[in-house]
Every structure is written in C-alpha cells, then in structure tokens.
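Input: a single structure, listed below in structure tokens.
The values are calculated or read from the model by the stated rules, or taken from the named source; none is laboratory data. Not measured: the values here are computed from a predicted model. Cβ placement follows ideal geometry from the backbone for every residue including glycine, while neighbour counts extend to all protein chains displayed.
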Amino acid sequence: MHDRQTLAGEFRRMLPEECVIYREEELIPYECDGLSAYRKVPLIVLLPYTAEQVEEILRFCHQRQIPVVPRGSGTGLSGGALPHEQGVLLSLARLNRILQIDRENMQARVQPGVRNLAVSEAARPLGLYYAPDPSSQIACSIGGNVAENAGGVHCLKYGLTLHNVLQLTLITIDGERLTLGGGSLDAPGLDLLTLITGSEGMLGIVVEVLVKLLPIPQQQQVVLAAFDDIETAGNAVAEIIARGILPAGLEMMDNLSIRASEDFVHAGYPTDAAAILLCEVDGVDAEVSEEISRVREILQQSGATEVRTAGDDEERVRFWAGRKNAFPAVGRISPDYYCMDGTIPRRQLGRVLKMIGEMSKRYGLRCANVFHAGDGNLHPLILYDANNPGELEQAEAFGGEILELCVAVGGTITGEHGVGMEKINQMCAQFRDEELETFHQVKRVFDPLTLLNPGKAIPTLNRCAEFGAMHVHAGKLRFPELERF
Amino acid sequence: MAADRDCSETLRRAVLDAAGESRPLQLMGHGSKAFYGRACLGDPLSLAEHSGIISYEPTELVITARGGTALKEIEDALREKGQMLPFEPPQFDGKGTIGGAIASGLSGPRRPWGGAPRDLLLGMKLLDGRGQILRFGGQVMKNVAGYDLSRLMAGAMGTLGILLEVSIKVLPKPPQEHTLMLSAGDWAAARPLLHKMLIEGVPVTASYSQGEQHKLRLACSQQRVEQIVQRYGVEAVDHQVDFWRALRDQQLDYFTQKEPLWRLSIPPAADIDSKEQMLYEWSGGVRWLFSARPGSEIRSRVENAGGHAILFRNGDRSGEIFHPLHPRLADMQKGLKQVFDPEGIFNPGRHYPDY
C-alpha cells in the first residue's frame with residue numbers, strides 16, 4: 001500500500017506544485033473516462049509539462065512499483081483510462097504543442113496531448129490535413145488515438161491511426177526514451193510501431209508523434225439514400241464496393257437513430273426509412289461528379305426508395321451532422337445509453353441486426369444502430385435507465401451478447417474503441433488461452449513488473465475460466481446455430 | 001494449375017521435432033528472395049506446398065490465403081474481380097508467395113500511396129516455435145482487440161513463426177493508369193515539381209527517377225491527365241505497364257550492376273550527402289544505390305538524413321545487412337523472439353546476427 005500524502009510529497013519535490021493533484025475532491029474529476037459506468041479514484045494524478053518529467057515519473061514509479069495509468073483527453077469509451085486505486089493517473093494533457101508542420105515531407109510532429117482536430121486546423125493553411133477523424137475529434141488527443149488505434153468515418157479510404165502515424169517517441173516503464181519508426185516509410189528491425197499503436201497504454205508512454213498529412217481534397221460530395229429494409233441497404237453497400245468505388249465515407253443508420261438524430265439536428269433525414277446510407281466521394285471536381293452519378297445509379301438499382309445529393313456544402317455538412325451527432329442524439333431520448341463497438345464481415349449485417357432486434361425484445365431494452373458500413377464497424381447503442389435497479393447490468397449483459405455474436409460471425413469485439421476494462425470478459429470469447437498467454441508474454445517484454453495500465457485489455461486465464469463457467473451452460477456455447485470462425 | 005493443400009499438421013510436426021532438438025530451420029517459399037537478408041543455416045523447410053486461397057470476398061475487400069500461395073495466383077484471382085494487392089509486392093524472377101511477401105515486408109512502386117504489407121495485413125494464423133497455432137487479428141478492416149501481433153510479423157523475415165494463413169485488405173484496381181514523363185534535369189531539379197504535384201493532390205501511384213529520366217504513374221481519367229499535362233508542363237506517354245512491372249521486380253538494366261546494392265529509406269524530401277548515381281522511387285522515399293564503399297559510411301550518411309540503409313543484394317551476406325538497432329530496441333526484439341520462438345529454430349540470424 002502506498003500512502004497518498006507521502007507520495008504526493010515526493011512527487012512535489014520532483015515536479016512543479018500544480019502538476020501534482022492529491023486532494024480527494026480534486027481527484028474526483030479523474031475517476032472515469034468516457035465510460036462513466038466505471039469509476040475509481042486514483043491515488044494521485046500527475047500532469048507533467050515535459051517528456052523529461054514523464055521519464056522521471058516513470059523511473060520513480062518503476063523503482064517503487066507503483067502502477068501507472070496513462071490518460072489523454074479522457075474521451076475513451078472502454079474504460080482504458082479508468083484509474084488504479086493504488087496507482088498514479090498520468091495525464092498527458094499538458095504535452096499539447098504542435099512542434100512542427102513539414103510541408104515538403106507532408107508530416108506534422110505533435111505532442112500526445114494535442115487534440116485530433118487541432119492538427120488539421122494547423123495544417124489547413126498549407127492545404128493539408130490529418131485524415132483519421134473519430135467522432136470525438138474536437139476533444140480527443142493524438143496520444144489517445146495512438147493508444148486505441150482510433151478510426152473514424154473515413155477509414156475505408158484513408159485508414160486507421162496506424163496508417164497515418166510515421167514515428168512514435170516512447171518512454172519505457174523504467175524511463176528510457178526510444179524512437180520507433182521515422183520520417184521514412186519503414187524502419188529497421190521488427191515493426192514495434194505497429195505493436196505500440198493500439199496497445200492501450202500497456203507497453204510504454206508515447207510522448208511525441210509524427211503523423212502523415214494529406215492534401216485536402218478539392219471537392220467532397222455526399223449522397224443520402226433511404227431504404228425500407230435494412231438488409232437491402234447492406235446489399236447496396238456491397239454493390240458500391242463491388243463496382244470498384246472506394247467512397248471516402250460510407251455510413252448507415254437505422255430507424256431509431258435516424259429519428260433521434262433528426263429530432264436533434266434537423267439534418268433533413270427521412271424519418272420513415274428503415275435505414276439510410278450516407279456515401280461521400282472526394283477528389284477533383286469532374287471525377288467527383290462522375291462518381292456521384294455512378295453511386296446514385298447503383299443506389300437506385302439496389303432498391304433505394306429515395307436518393308438525394310447534397311445541393312451545396314451546407315447541406316453536405318448537415319447530412320454529416322446527423323451522423324456525427326447520433327450518439328448525443330440518442331442520449332436525448334434515453335436517460336442513459338451504452339455504446340458498443342463490434343466489427344463484422346459486412347455480409348453478415350442483416351443477420352446480426354435481426355438477432356440484435358431479438359435480443360432487444362428479450363432484454364426489454366431499445367437499441368439504436370449506427371454503422372460504419374464501409375468497414376463493417378457496428379455501434380449498437382443500448383438505451384437504459386441507470387436509476388432503474390438492475391438495468392445497467394441488463395444493458396451490460398445485452399452488450400456482451402452482441403459482442404459475442406460479432407465474434408461468432410467472424411468479426412471482433414472491438415473495431416476502434418479498445419478493450420479497456422469494458423470488454424475484458426469478451427476477450428475470452430475472441431481468443432484462446434494460448435493466444436492470451438502470448439499477449440501476456442509480450443506485455444512482460446516491455447513491462448516485466450506489469451505496472452503500466454495493469455489489469456486492462458488482456459484478461460488473465462483465471463478470469464476467462466470463471467467467465468467461461470458462467471457462460472457455457474452444459475457445455476454449450478452461445479449461438480450454437482452459427483458456424484464458428 | 002493452382003494447388004490447394006492444407007499442410008498445417010505436417011508443418012506443425014516438423015516444428016515440434018525441430019524445437020525438440022533445438023535444430024534450426026530455414027523457412028522457404030519459392031526462394032525468390034533467398035538473396036535477401038543475412039545468410040542463415042538450418043534445414044530447409046518448404047512452405048510452398050501449403051497453398052491455396054481460402055476465401056475471397058470482393059465486396060468485403062478481403063482475401064485469405066495460405067502462406068505458400070503464389071502471388072501470381074492471388075493477383076489473377078483479384079484481377080478477375082477488378083481488384084489488386086495495394087502494396088504491389090515484387091515478384092523477383094517472376095516468383096514469390098504471399099507468405100514471403102508479408103515476411104519480407106517488401107512493397108513495390110505503389111507503396112507510398114497504397115500502403116505496405118503491414119498496413120494491409122488484417123490477421124493471420126501463425127505457427128509459433130512451440131508448435132502452437134495462434135490466430136491474431138481477423139478478416140475485418142477494424143480490429144483493436146488484443147495487441148496487433150499479426151502486423152508484427154510483416155518484415156520479421158520469418159524469425160517469429162510460420163505464416164499459415166494471412167488475411168489481406170485488397171482494393172479496387174484503378175480503371176485507368178497513365179504514365180507521365182518529367183523533363184527537368186537531375187533528381188534535385190525534378191524534385192520540386194514532383195512534390196508540388198503531390199501536395200496539390202495529383203493522383204500519383206508510382207514514381208521513378210534515374211539520371212535525367214523521371215516518370216510518374218497516375219490513376220485518373222484521360223481528361224484529368226490532359227489537365228495535369230497542361231498545368232505542370234509534363235508529357236503524357238503510353239501507360240508502360242511493363243516498365244512499372246520491371247521496376248517492381250528489379251528487371252531494369254540499372255539493377256544488373258554487380259556491386260553491392262543498397263536500399264536507402266529516408267524522408268522523401270531529405271538530401272543525402274552523395275555524388276553517386278541513384279535510382280529514386282516512392283517520390284524519393286526509397287533510393288537504390290550500387291556502391292562498394294564501406295557500409296558504415298553509407299549508413300551514417302543515411303542516418304544523418306533521418307533514414308536507414310539495407311544491404312539489399314550482393315556484398316557480404318554474413319555481415320551486417322539490416323540497419324543496426326538502438327541497444328534497447330535490440331533487447332526488445334530478442335525478448336519478442338523468445339516469446340514466439342524460445343528454441344530459436346526459425347531462420348536464426350537471417351534478420352539480425354543475434355536472434
């Protein structure tokens with residue numbers, strides 16, 4: 001057991017006074033991240049200004065065997081930055097400078113606390129932007145994006161965080177600073193940069209990131225299509241891809257999310273549609289117009305009941321506003337909602353949504369679905385009321401069942417939000433013991449004492465054994481009717 | 001005739017036997033990249049028989065194939081549906097397997113715009129040095145469950161395990177590609193124009209510069225090409241499919257030289273202190289240099305420019321081939337080797353001398 005007062009004293013000798021937060025009332029704002037159902041008060045919060053201070057903090061924590069939980073902007077949705085009661089919560093929020101924008105090499109060097117959108121804003125005068133755009137981009141930090149390998153609505157064409165990061169400066173748990181990757185397109189040795197990206201702060205602390213910038217497309221255009229059946233909408237997506245079109249964005253919403261969004265932002269969505277698709281094309285003027293007319297034709301042939309092209313940029317932004325505000329919109333129609341993040345092979349969409357519909361009846365909880373249709377990433381939003389005893393637990397059980405369904409149809413329990421604390425049990429459904437054990441061994445290569453974000457992302461084999469005992473009734477797996485992948 | 005064979009069990013037994021005796025194995029696909037990497041000892045273990053496309057869903061943009069599947073077979077299947085492997089893997093001597101392409105981490109001319117093997121790799125089934133068959137990643141575009149261990153295998157030179165199956169993201173093949181010629185003197189003189197075109201969003205999919213010859217490959221409509229020709233004062237020529245393939249497979253005359261061939265990977269706009277002739281690809285991000293100068297001298301010049309150098313062909317294959325690592329990174333690498341291959345049986349020494 002570490003004593004809060006004593007430790008605070010030691011950290012205050014190491015860091016400026018305002019960098020050490022230890023009074024109980026000041027610790028409360030840090031007790032959760034974007035997943036507020038999980039809360040813990042950390043022992044101490046540290047807010048260093050520099051990478052050198054991060055080195056010093058880590059060396060100290062390593063020596064004293066104090067757990068360290070890193071945190072960016074705290075917008076994560078899987079409890080990855082849930083504090084450790086006996087540990088330090090290390091906020092990178094003050095490492096928030098854009099260090100360089102290199103127009104010639106089309107790169108930006110930033111600190112981890114820089115907000116995602118701030119990079120594009122800084123690059124805009126040079127005609128460049130940073131492609132990954134998670135919905136939380138006005139608030140979320142680049143460091144957090146790296147930790148989660150964040151996605152967004154333009155991944156299909158422009159990739160995930162991983163595809164847009166060139167170099168990371170990492171501080172190991174014992175305080176050594178290392179450079180992974182570089183300004184060139186590859187680096188010598190094993191590709192540790194890919195391993196660190198998406199590792200949820202379990203392997204080291206990122207203190208600097210070199211990202212790739214792209215030219216801002218000359219033209220963007222979006223088509224909205226309405227469908228009276230969600231499976232027809234899914235088939236239309238497959239048809240667009242089959243015809244060789246790679247849209248910049250391809251999003252789907254079901255009726256409940258359409259209605260919630262329409263009430264909230266008045267995007268002009270058809271509220272009687274079973275599903276809508278938003279398909280964005282970007283490039284140069286002539287080519288965009290040509291591709292848009294092909295997309296319209298495909299959508300019409302695929303059974304859309306209505307196809308609308310945004311008349312001007314204002315309408316385009318409005319079409320997107322509905323989608324980008326889907327989560328808060330759902331937040332308005334229910335006291336609480338629980339956001340899931342499974343990915344499925346797109347062809348399974350109809351079946352998965354049908355089964356989610358059945359689960360919804362069984363649990364007695366409504367569920368709105370928004371879908372990054374281009375890359376199969378499904379976000380069911382389970383509506384519940386935490387004030388009703390037992391409803392949160394029901395929502396969690398419902399969510400868990402959805403994720404296990406995603407695995408059963410050949411997908412994954414998390415496409416872009418991370419495992420964190422939230423999906424740790426479902427990891428047991430996706431991976432076998434040998435694979436989990438390999439993950440633990442990899443962790444120990446970087447962090448032999450398991451001090452970095454302990455207990456997150458990778459379940460212990462014991463935990464899985466207990467979880468399995470709970471879930472496998474009479475030796476039967478869930479969804480026995482499905483072929484296992 | 002495409003073979004479709006699952007040899008997982010045979011390979012697993014071969015690995016268990018070798019591990020039991022701590023006997024090294026040299027993993028071999030078609031052997032088209034046998035020249036690449038450090039020379040290593042060990043009993044050859046052929047992986048080429050373990051082949052066949054397991055699933056290909058054009059509308060999902062994903063192909064899954066056994067590691068020994070010929071790149072040609074994959075390319076043919078994709079072409080039929082108007083798709084392609086975006087990293088344009090080289091096929092030296094017209095051969096190569098998908099497992100070898102991933103393990104070597106090598107990409108062709110499209111790399112800066114289409115991605116590298118590690119970017120396109122979605123998941124895999126790996127046979128590790130304990131004889132375990134492990135699945136990492138998946139067959140979907142987005143997957144952040146667990147550490148991304150499948151991508152770690154890209155470029156690991158087969159030192160961590162056997163790639164039994166790989167799932168790869170594919171993309172639509174551009175309906176039209178065109179070749180442009182820039183006449184602008186040498187590389188230093190041509191570079192500003194090339195970079196201007198890139199920043200202004202010209203849809204480049206490959207670049208080549210050697211001496212005073214500069215070519216670009218574009219993916220766009222004929223009409224757009226005409227606009228580009230006018231705007232930048234460049235010349236459009238025939239598409240030259242064969243030229244770009246020869247560049248990819250190093251069949252151009254430039255590559256027939258006998259001196260050690262160095263692959264220099266540096267930030268595209270960086271200058272290297274060198275008077276020697278080089279061939280430039282990836283808008284300057286990769287440069288090919290034939291040189292008998294000491295490796296240490298070449299490496300330090302490239303390092304000063306923010307890059308690294310690989311002794312790609314020829315020269316002393318038992319010496320230092322890949323760029324030396326920071327000691328701590330080398331330790332981490334050895335630690336990872338220990339996780340996947342505790343007996344050290346897979347391609348020992350092929351990547352770095354000590355693992």
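Descriptive notes on the structure:
- Qualifying residue in the range A:206-218 (condition: over 20 Å from A:Ala131 (Cβ atoms), modelled with pLDDT of 95 or more and in contact with a strand residue (DSSP E or B) (Cβ under 9 Å, 6 or more places away or on another chain)): yes
- Candidates A:Gly411, A:Gly399, filtered to the one that is out of contact with any helix residue (DSSP H, G or I) (no Cβ under 9 Å at 6 or more places or on another chain) and buried (at least 21 other Cβ atoms within 10 Å of the Cβ): A:Gly399
- Within the range B:200-218, being surrounded by fewer than 18 Cβ atoms within 10 Å (Cβ to Cβ), in contact (Cβ under 8 Å) with a residue 12 or more places away in the chain and not polar (S, T, N, Q) holds for B:Gly211, B:Glu212.
- Check on B:Ala188, of a type outside the set (Lys, Arg) and modelled with pLDDT under 95: yes
- Search result, residues across the range A:31-49 that are touching a Ser or Thr at 6+ places or on another chain (Cβ under 9 Å), of a type outside the set (Val, Ile, Thr) and closer than 18 Å to A:Glu17 by Cβ: A:Leu46, A:Leu47, A:Pro48
- Among residues of the range A:414-454, those that are part of a loop (DSSP other than H, G, I, E, B), surrounded by 21 or more Cβ atoms within 10 Å (Cβ to Cβ) and free of Cβ contacts under 8 Å to residues at least 24 places away in the same chain, counted: 1
- Residues in the range B:315-329 that are surrounded by fewer than 16 Cβ atoms within 10 Å (Cβ to Cβ) and under 23 Å from A:Gln441 (Cα atoms) were compared, and the one that is farthest from the other protein chains (Cβ to nearest Cβ) is B:Pro327.
- Screening A:Glu231, A:Glu262 for residues that are within 20 Å of A:Ala326 (Cβ to Cβ), in contact (Cβ under 8 Å) with a residue 60 or more places away in the chain and among the charged types (D, E, K, R) leaves exactly one candidate, A:Glu262.
- Total residues in the range A:115-127 satisfying the condition of being in contact (Cβ under 8 Å) with a residue 60 or more places away in the chain and either touching a Phe, Trp or Tyr at 6+ places or on another chain (Cβ under 6 Å) or crowded, with 24+ Cβ neighbours inside 10 Å (or both): the figure is 2.
- Helices (runs of 4 or more DSSP H) completely within the range B:88-204 that count 1 or more residues being more than 10 Å from chain A (Cβ to nearest Cβ) and more than 23 Å from A:Leu213 (Cα to Cα): B:98-104, B:187-199
- Test: residue in the range B:10-18 that is touching a residue at least 40 places away in the same chain (Cβ under 8 Å) and assigned to a loop (DSSP other than H, G, I, E, B): no
- Screening the range A:162-204 for residues that are among the charged types (D, E, K, R) and surrounded by fewer than 20 Cβ atoms within 10 Å (Cβ to Cβ) and picking the one that is nearest to A:Ala51 (Cα to Cα) gives A:Arg177.
- In the range A:277-287, the residues that are buried (at least 18 other Cβ atoms within 10 Å of the Cβ) and farther than 23 Å from B:Pro58 by Cα: A:Gly283, A:Val284, A:Glu287
- Matching residues in the range B:291-314 - criterion: being of a type outside the set (D, E, K, R), closer than 15 Å to B:Arg263 by Cβ and either in contact with a His (Cβ under 9 Å, 6 or more places away or on another chain) or within 14 Å of another protein chain (Cβ to nearest Cβ) (or both): B:Gly295, B:Ile298, B:Val302, B:Ala305, B:Gly307, B:His308, B:Ala309, B:Ile310, B:Leu311, B:Phe312
- Note on the range A:231-314: enclosed strands (runs of 3 or more DSSP E) holding 2 or more residues that are aliphatic (A, V, I, L, M) are A:249-254, A:275-283.
- Condition broken by A:Thr169, with the remaining ones in (1) outside any loop (DSSP other than H, G, I, E, B); (2) out of contact with any Asp or Glu (no Cβ under 6 Å at 6 or more places or on another chain) satisfied: (2)
- When residues of the range A:172-203 are limited to those that are more than 10 Å from chain B (Cβ to nearest Cβ) and under 24 Å from the mean Cα position of the chain (by Cα), the one modelled with the highest pLDDT: A:Gly201
- Residue list for the range A:325-379, filter: small (Gly, Ala, Ser) and over 13 Å from A:Leu256 (Cα atoms): A:Gly342, A:Gly350, A:Gly364, A:Ala373, A:Gly374, A:Gly376
- Looking at B:Ser296, B:Ser283, just one residue is out of contact with any Phe, Trp or Tyr (no Cβ under 8 Å at 6 or more places or on another chain), modelled with pLDDT of 95 or more and either surrounded by fewer than 16 Cβ atoms within 10 Å (Cβ to Cβ) or not assigned by TED's automatic domain parsing to the domain that holds B:Leu216 (or both), and that residue is B:Ser296.
- Which listed residue is modelled with pLDDT of 95 or more, farther than 30 Å from A:Leu178 by Cα and either among the acidic types (Asp, Glu) or not assigned by TED's automatic domain parsing to the domain that holds A:Met359 (or both), from A:Asp447, A:Asp433: A:Asp433
- Candidate set: the range B:257-280, residues that are within 14 Å of another protein chain (Cβ to nearest Cβ) and of a type outside the set (A, V, I, L, M, F, W, C); chosen: the one farthest from B:Ala189 (Cα to Cα): B:Arg263
- Here A:Val207 fulfils each of the conditions (1) touching a residue at least 60 places away in the same chain (Cβ under 8 Å); (2) surrounded by 24 or more Cβ atoms within 10 Å (Cβ to Cβ); (3) part of a strand (DSSP E or B) apart from (2).
- Reported count of residues in the range A:126-171, each being in contact with a His (Cβ under 8 Å, 6 or more places away or on another chain), more than 12 Å from every other protein chain (Cβ to nearest Cβ) and of a type in the set (Gly, Ala, Ser), is 1.
- Residue match in the range A:360-369 (condition: under 24 Å from B:Leu122 (Cβ atoms) and either buried (at least 20 other Cβ atoms within 10 Å of the Cβ) or modelled with pLDDT under 90 (or both)): yes
- Of all residues in the range B:136-156 being in contact (Cβ under 8 Å) with a residue 60 or more places away in the chain and out of contact with any helix residue (DSSP H, G or I) (no Cβ under 6 Å at 6 or more places or on another chain), the one that is nearest to B:Ser55 (Cα to Cα): B:Gln139
- Those residues of the range A:1-21 which are modelled with pLDDT under 95 and touching a helix residue (DSSP H, G or I) at 6+ places or on another chain (Cβ under 9 Å), in sequence order: A:His2
- Filter result for B:Arg130 (surrounded by fewer than 21 Cβ atoms within 10 Å (Cβ to Cβ) and either under 30 Å from B:Phe322 (Cα atoms) or not β-branched (Val, Ile, Thr) (or both)): yes
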